[in-house]
C-alpha cells in the first residue's frame with residue numbers, strides 16, 4: 001500500500017511539473033511584473049508535508065489550485081507598495097502513513113504581498129478552511145476537520161504574468177472541539193508551483 005501511495009505522490013509531482021512547463025511555454029510577452037496594474041492571480045502548487053508531534057509520522061503529497069484578487073492598490077497612501085489580497089485555495093492530497101489515505105478541502109486566505117524590485121514578490125499568507133481527511137490514524141480520529149494555516153514565500157518572475165512560487169506553510173488540522181476526542185494534527189509543508197498574475 002505504501003509503495004502505491006508513493007507512486008501516487010510521484011504522479012502528482014509529475015503532473016504538477018508538466019503543468020508548470022506547459023504554462024511557461026505559452027506565448028506571452030516578456031516583461032517585468034507591472035505590479036501596479038495587477039488585479040488577480042491564479043496558480044497551481046505541489047506540496048510535500050510531514051507531520052510532527054503526532055502519534056505517527058505522516059507524509060502528505062498535495063495539489064493546491066488557487067485563485068484570488070487584490071483588495072488594495074499598489075499606490076495606497078497608507079500601505080505604500082504593500083498589497084492585500086483574498087484567495088480561495090483547494091487541496092487534494094494523498095497521505096503516506098501506516099495506513100494510507102487522502103484528504104480534500106478548501107481554504108479562504110488573506111495574503112500580504114510586497115515587491116522586491118521588478119522580478120520578485122515576497123508574501124505572507126494565512127487562513128482557515130475545512131478539510132475532509134480519510135486517513136486511518138490515531139493522529140486524526142475524525143474525517144471532518146478545520147485547517148488553520150499560514151506561511152511565507154516568494155514569487156520569482158518568469159515571463160509575462162507567470163512566476164515560480166516557492167513557499168513554506170504550517171497547517172493544523174483538528175475538529176475544533178466538536179468531539180471530545182481531538183488530538184490535532186500539525187504539518188510543515190514545502191510548496192513549489194506556478195502563479196499567474198493578471
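Please verify whether residue 45 is touching a helix residue (DSSP H, G or I) at 6+ places or on another chain (Cβ under 8 Å), at pLDDT 95 or above and either in a strand (DSSP E or B) or closer than 26 Å to residue 188 by Cβ (or both), treating the condition exactly as stated.
yes
Determine whether the stretch 175-188 contains at least one residue that is crowded, with 18+ Cβ neighbours inside 10 Å, within 19 Å of residue 62 (Cβ to Cβ), in contact with a strand residue (DSSP E or B) (Cβ under 6 Å, 6 or more places away or on another chain) and at pLDDT below 95. Working first, answer last.
Taking the stretch 175-188 and keeping what is crowded, with 18+ Cβ neighbours inside 10 Å, we get 175, 185, 187.
Subsequent filtering for residues that are within 19 Å of residue 62 (Cβ to Cβ) retains 185, 187.
Now restrict to residues that are in contact with a strand residue (DSSP E or B) (Cβ under 6 Å, 6 or more places away or on another chain): 185, 187.
Checking which are at pLDDT below 95 leaves us with 185, 187.
Yes - at least one qualifying residue is present in the stretch 175-188.
Considering only the stretch 105-123, state which residues are closer than 20 Å to residue 170 by Cβ and surrounded by 14 or more Cβ atoms within 10 Å (Cβ to Cβ).
Start the filter on the stretch 105-123 by keeping residues that are closer than 20 Å to residue 170 by Cβ, which leaves 105-113, 122-123.
Those that are closer than 20 Å to residue 170 by Cβ and surrounded by 14 or more Cβ atoms within 10 Å (Cβ to Cβ): 105, 106, 107, 109, 110, 111, 112, 113, 123.
Mind checking which residues of the stretch 48-76 are under 17 Å from residue 173 (Cβ atoms) and not in a strand (DSSP E or B)?
53, 54, 55, 56, 57, 58, listed by residue number.
How about the stretch 49-84: which of its residues are buried (at least 17 other Cβ atoms within 10 Å of the Cβ) and under 21 Å from residue 124 (Cβ atoms)?
Here is the first cut: in the stretch 49-84, the ones buried (at least 17 other Cβ atoms within 10 Å of the Cβ) are 49, 51, 54, 58-64, 66, 68, 70, 74, 83.
If the condition is that a residue be buried (at least 17 other Cβ atoms within 10 Å of the Cβ) and under 21 Å from residue 124 (Cβ atoms), then 49, 62, 64, 66, 68, 70, 74, 83 are the ones that fit.
Among the residues in the stretch 72-80, are any over 17 Å from residue 39 (Cβ atoms), free of Cβ contacts under 8 Å to residues at least 40 places away in the same chain and touching a strand residue (DSSP E or B) at 6+ places or on another chain (Cβ under 7 Å)? First the steps, then the outcome.
Looking only at the stretch 72-80, we keep the residues that are over 17 Å from residue 39 (Cβ atoms), and these are 77-78, 80.
Checking which are free of Cβ contacts under 8 Å to residues at least 40 places away in the same chain leaves us with 77-78, 80.
Still in the list and also touching a strand residue (DSSP E or B) at 6+ places or on another chain (Cβ under 7 Å): none.
Checked the stretch 72-80: no residue is over 17 Å from residue 39 (Cβ atoms), free of Cβ contacts under 8 Å to residues at least 40 places away in the same chain and touching a strand residue (DSSP E or B) at 6+ places or on another chain (Cβ under 7 Å).
The values are calculated or read from the model by the stated rules, or taken from the named source; none is laboratory data. None of the values given here were measured: they were computed from a predicted structure. Note that each Cβ is placed from the backbone with ideal geometry, even for glycine, and that neighbours are counted across all protein chains shown.
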